[in-house]
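Working notes, structure below.
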There are 2 protein chains.
Amino acid sequence: MSRISPLQKARAAYQPKLPAALAAGARVKVLEGEPTAAVADVEAIRNLFKTTFGSPVLTFEAASCGCGELPAINAGVILSGGQAPGGHNVIAGVFDGLKSLNPANRLFGFLKGPDGLVKGEAVELTADIVDAYRNTGGFDMIGSGRTKLETPEQFECARANCAKLGITALVIIGGDDSNTNACVLAEYFKSNQAGIQVIGCPKTIDGDLKNEWIEASFGFDTACRVYSELIGNLCRDANSAKKYWHFVKLMGRSASHIALECALQTQPNYAVISEEVAARKMTLGAIVDEIAQVVAARAAAGKNFGIVLIPEGLIEFIPEIKVLIAELNELLAVNAAQIEALDVEGKTAFAAANLSSASAAVFSSLPVGIQNQLCRDRDPHGNVQVSLIETEKMLAAMVGERLAAWKAAGRYKGKFATQTHFFGYEGRCAAPSNYDADYCYSLGYTAAALIGAGRTGYMASVRNTIEPAAQWIAGGIPITMMMNMERRHGADKPVIRKALVELDGAPFRFFDTQRAGWAIETDYVYPGPIQYFGPSEVCDLTTMTLKLEKQGRL
Amino acid sequence: MSRISPLQKARAAYQPKLPAALAAGARVKVLEGEPTAAVADVEAIRNLFKTTFGSPVLTFEAASCGCGELPAINAGVILSGGQAPGGHNVIAGVFDGLKSLNPANRLFGFLKGPDGLVKGEAVELTADIVDAYRNTGGFDMIGSGRTKLETPEQFECARANCAKLGITALVIIGGDDSNTNACVLAEYFKSNQAGIQVIGCPKTIDGDLKNEWIEASFGFDTACRVYSELIGNLCRDANSAKKYWHFVKLMGRSASHIALECALQTQPNYAVISEEVAARKMTLGAIVDEIAQVVAARAAAGKNFGIVLIPEGLIEFIPEIKVLIAELNELLAVNAAQIEALDVEGKTAFAAANLSSASAAVFSSLPVGIQNQLCRDRDPHGNVQVSLIETEKMLAAMVGERLAAWKAAGRYKGKFATQTHFFGYEGRCAAPSNYDADYCYSLGYTAAALIGAGRTGYMASVRNTIEPAAQWIAGGIPITMMMNMERRHGADKPVIRKALVELDGAPFRFFDTQRAGWAIETDYVYPGPIQYFGPSEVCDLTTMTLKLEKQGRL
């Protein structure tokens, strides 16, 4: 028996809170709303999802009478994509919810993500297994994977593998792409009368699977709390030592929700929001300039220290860099044979000589280390590996150069020493906060209730989560309702629309009213580590993003 | 009024626990032991500390009767060196202890470390100020600094600045060097009848200020818990994604206590302990080989993931690298004028061409990026900046090369993808754990008791801390007792002997019995974040290092 930590031991006993509708079990009264459409491209979506399109939004109420047991079924569950805190609690919720429908119900976990479904690798999740993982972080109970369920061949394998295990319902826990594919699979099964329901659950620390009906993707709260704990500690350190500017890159490729939430929690001196960079068409030079101005203003007040937050995906939001990367991808792909033999300096020189003049100028403005990274690190498709680019080091170096120029011109008198950090992997597998533990368990339980209600092509939805859990609203949202068509790899595809940071949304607007003050003052807030046992005002928190979105204030 | 986080608000009310001897106030009964000597070089130490040498170890007991108030005094407090969690609680303990001796006692905080004493920059610490910082991390209440108090000129300034404020007692909170200097200052004041007592408090997250009488330096517990939280999260992530080896560098220059404690807490697949590297005279190649063997063994068992811990100071413990760095320092200093104009490649080439043949071979075995770092980044004295060398990236790259060679030779079939991390600044300013909050407050209170008892040249000592606080033993240790003479910058100096990891000590021996299992199995432990409000077995922990040292078992 492996050793477990004292906290794990104590935390295992936590019983996640449920919405009132689910308190007596997953056999619920289902209220149906009006038929639904799609966020855009309604006809295209309707054509693609002939049997699942148009289903109503479902809201649960506690069943008013004992309804007896449903026939026993076998169900399967899949974790898809990157880890997010609370995944195990979704599974525990599905498990407990199914058992409440009929104690003879059985749950199988497909191993290593969608691949397990395609290859037929599964393990039955018994009470012993589920109990060992309640309220823990990670996806190690059954593993995860990034295989995309897209082809009819995969779907047929899935059907056959479900048939072998007698599985008639699948819960797919994933991000926007995985839920889109869950819906495609639901449509396939339904239109082919496979007799297998498919339910999705919204997961991603990035927070970009979010809309009117899905108010949060699970894991976002916990990940942001871990990052904010660390950023708060760095703020204290900066304010104590008074000698470093810390440049902190935060995970989150396609949206800056994490950076914004962490900024709201810790009040750093500067936070880059990628969506603003794109909207304002800011050049890299303009970003560097804004940061350097904050540094100079603080230096003038005797404060040669500070904190800057940078979203991981920034570089793809800067118009000129986006063009540069596209050109580099093209250039290095077309000339792959010729440049393969070159060392990194050779590749860099080749790139510099063959880019368009605009991109060549941008390229040469970058620090040499970054130029090399852009040319050296390619993914298996030959593309620049954006996630490997050390944006935090790049910005720190470029701000340093800018300040040196200002110093030479007599515009700036200060000291500028930097430390850089990247917080990402540290937060993806943290044990879930109470919010995520409760939310995930409720999502899983809701998924079981949707199975019990015989639905397919739905995403489990739990709303009103800024209120105590008893007041949370559980139900199901037709996945087609959240879709539109987007251009992907040269073809139009149905996808769930990604939620970017809205510049006219309450979270960004609040940030915008505060940031000038945070830049110059030292107004750091120190959130500290996630607490599980303390007073409710310390343990049962929601994100500031959600509070601002729902209440318009903190 | 700045916003504070919910946790800060709740935590402000925490009343740190005290040893029974101090429960009724800092006016205690003082038990004197026998006269003391020094750990080595007794005569030399006696000669340097003519008036403070030989004092007895002091142990406190609760005073058996009301003894009335002592005359009112003014005292000063100084934070010296790098931040460590709990510094504010030491100050709160000094403050409360002084007030218990006489409510009219006043405490001044010298600003920005020892510099504040020399320059006479101080602020009176009122109850309002102290209350705002109770149980918080950081040193931002009065700041810290790295100025060394060493010269008679500084001591005279200190005397004059104390006189201006009517200060007759100083508490210096710092690491081994700062406490050594506190003792030199105590000796100076005493031999010159300045009438100013000096008391030291043992601080450093590195854990290397530790001996028979000082069982822990404060901050070590909290910092290790923050790092272990993050390492545990990475372990979960590695075990969930099953595709990365994470190389984690941990703060701690001269000793590997942090790496060892974090290894005991999280059970990674490999942990480098610098003291072992030095004792076994391991080459860099041998370290790379050991890690690569663990990677290969796991790969053979289908596990292409893992966690490696690396102490920040490693590179200086590898004999051949130590020689290389010494040669580089010499080479680049002697030829400073000639190489200043060269770019980094030029400097690297110059170094390669002019090193001894042994060092040139070592140098060329290093990844190019590290070669450049060694030649580019110099401190103000022209020395290699060891702390800037990205040892974690270097080892990851070299292990990768070794595995590639083994793969080519058919010895290894696996995938090896890495992520690197450096955890340091994140932990120095975390809010103190209960252990550090209690320990620090007790240390400060003990310092006040030593002032009340009229002592000087003592370090506050709180022992038996694996037991509940009421059973802790408070008292004072003559600083001279912990000293010996060491060669520093070409001269013999009295210093407190640094505590390195002892290879025959219980913590390392326990690690040694376990590590072969941890390497191959996946036995990770997930400590999770520091808890403040839960059950005592979750909140009131001591380090595993201390438990093993005191009990010989966990």
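The values are calculated or read from the model by the stated rules, or taken from the named source; none is laboratory data. All of these numbers come straight from a predicted model, not from anything done at the bench. FYI the Cβ positions are ideal-geometry reconstructions off the backbone, even for glycines, and counts take in every protein chain you see. Protein only, heavy atoms only, side chains kept; ligands, DNA and RNA dropped before computing areas. Shrake-Rupley method; radii C 1.70, N 1.55, O 1.52, S 1.80 Å.
Charging the Cβ of each Asp and Glu at -1 and of each Lys and Arg at +1, and nothing else, the dipole of the protein assembly as shown about its Cα centre rounds to 380 debye. Each residue, B:Leu388 and A:Asn464, gets one label point 7 Å from its Cα in the Cβ direction; the gap between the two is 5.8 nm.
Counting only protein heavy atoms and using a 1.4 Å probe, the accessible area of B:Val334 comes to about 100 Å². State the percent of C-alpha pairs, over all pairs in the protein assembly as shown, separated by a distance greater than 46 angstrom. Everything past 46 Å amounts to 35 percent.
Around the Cα centre of segment B:149-301, unit charges on the Cβ atoms of Lys, Arg, Asp and Glu (plus for the first two, minus for the last two) sum to a dipole of about 520 debye.
Using the Cβ-Cβ distance between A:Glu124 and A:Arg487 with R0 set to 41 Å, the FRET efficiency works out to roughly 0.45. Using the charge dipole of segment A:1-48 (Lys, Arg: +1 at Cβ; Asp, Glu: -1 at Cβ; taken about the Cα centre), state which of A:Val30, A:Ala44, A:Ser5 has its Cα farthest towards the positive end. The Cα lying farthest towards the positive end belongs to A:Ser5.
Over all other residues within a Cβ to Cβ distance under 13 Å of A:Ser228, the charged ones net out to -3, with Lys and Arg as +1 and Asp and Glu as -1. Annotation for A:Ala360, label-to-label distances across the other copies: 3.9 nm (shortest first, one decimal, point 7 Å from Cα along Cα→Cβ). For the rotation carrying A onto B, the chain A residue whose Cβ lies nearest the axis, with the distance in whole Å, reads A:Pro529, 2. Size descriptors for segment B:1-77: radius of gyration and Dmax over Cα atoms are 20.1, 56 Å. Between copies, B:Lys243 shows label-point distances of 4.1 nm, shortest first, with the point placed 7 angstrom from Cα along Cα to C-beta. Rounded to 0.05, the FRET efficiency of the B:Ala12 and A:Ile4 pair, given R0 = 41 Å and the Cβ-Cβ distance, is 0.80.
Across the options A:Met459, A:Leu264, A:Asn484, the greatest Cα extent toward the positive end of the charge dipole of chain A (unit charges at beta carbon of Lys, Arg, Asp, Glu) belongs to A:Leu264. This model, with +1 at the C-beta of Lys and Arg and -1 at the C-beta of Asp and Glu, gives segment B:321-471 a dipole about its Cα centre of some 580 debye.
For A:Ala127, the distances from its label point to the matching points in the remaining copies are 5.7 nm, ordered from shortest, with each point set 7 Å beyond Cα toward Cβ.
Gain on full extension, evaluated as 0.36 nm per residue between B:Asp504 and B:Lys148 minus their Cα-Cα distance, stands at 124.8 nm.
Spin-label pair A:Ala286-B:Glu537: with each label point 7 Å from Cα along the Cα-Cβ axis, the two points sit 5.9 nm from one another. For A:Lys493, a cut-off of 29 angstrom between C-alpha atoms picks up these lysines, skipping any fewer than 8 places away in its own chain: A:Lys50, A:Lys112, A:Lys119, A:Lys148, A:Lys190, A:Lys203, A:Lys210, A:Lys281, A:Lys322. Centre-to-centre, using Cα atoms only, segment A:512-551 and segment B:12-62 are separated by 44 Å.
The Rg/Rh ratio of segment B:432-547, with Rg taken over Cα atoms and Rh as the Kirkwood radius over Cα pairs, comes to 1.06.
Checking every one of the GluC sites (Glu not before Pro) in segment A:135-229 against DSSP loop status and a limit of 15 other Cβ atoms within 10 Å picks out A:Glu150, A:Glu212. In chain B, the DSSP-assigned H stretches of four residues or longer account for a calculated mean residue ellipticity at 222 nm of -13500 deg cm²/dmol, using -39500 (n - 2.57) per stretch and the full residue count as denominator. Once you list every other residue whose beta carbon is under 12 Å from the beta carbon of A:Ser387, what net charge do they have if Lys and Arg are +1 and Asp and Glu are -1? Counting the neighbours of A:Ser387, the net charge comes to -3.
Along the axis of the charge dipole computed for the protein assembly as shown (Cβ charges of +1 for Lys and Arg, -1 for Asp and Glu, origin at the Cα centre), the listed residues B:Leu331, A:Leu324, A:Cys157 are led at the positive end by A:Cys157. Surface composition of chain B: carbon plus sulfur atoms hold 53% of the accessible area, using a 1.4 angstrom probe and ignoring ligands, DNA and RNA. Separation of segment B:378-408 from segment A:300-345 is 24 Å, based on Cα centroids. Placing pseudo-labels 7 Å out from each Cα toward the beta carbon at A:Glu212 and A:Ala300 gives an inter-label distance of 4.7 nm.
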